[in-house]
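Remarks on the structure that follows.
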Amino acid sequence: MPPLPFHLLREGPDGIHPVELREPVLIGRDVDDHALRADRYLSGRHAMVERTGDTVVLTDLGSTNGTFLRVAGELELRPGDVFAVGRQLFRFVG
C-alpha cells in the first residue's frame, strides 16, 4: 500500500498558502518559491521535509539562522506541528 500523503501550509506575510509537495520538500531562497526569495533570514537550502517510513521528518540543512527551536538534525513531525524557517511559518497538517 502506498504511503499516505502529507500536507504543509506556509503562513507568511503574504497570507496562507499550500506548499507544493514534491518529496523531499526543500525550503530556502534557492528553491522555486518566489515568496521565499525575499526572506533574508532564509539560507539558500534551509530545511527539508520528507517521509521516512511511517513518519514525516523535518531536517535543518545547516542553515545560518536555524529552524524552529533551533533544530539541528532531524525532528519527527506530528499533525498540527508548526515550525518557523526565516520569517515563514509552516504548519504540518498530516
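For region 65-94, the tally of residues that are surrounded by fewer than 16 Cβ atoms within 10 Å (Cβ to Cβ) and either over 26 Å from G15 (Cβ atoms) or among the basic types (K, R) (or both) stands at 7. Annotation for region 70-79: at least one member residue is at positive phi, touching a strand residue (DSSP E or B) at 6+ places or on another chain (Cβ under 7 Å) and not in a strand (DSSP E or B). Could you please give the count of residues in region 43-94 that are small (G, A, S), at pLDDT below 85 and within 22 Å of D30 (Cβ to Cβ)? Number of matching residues: 5.
The values are calculated or read from the model by the stated rules, or taken from the named source; none is laboratory data. Treat the numbers as computed from the prediction; the structure is a model and nothing was measured. Note that each Cβ is placed from the backbone with ideal geometry, even for glycine, and that neighbours are counted across all protein chains shown.
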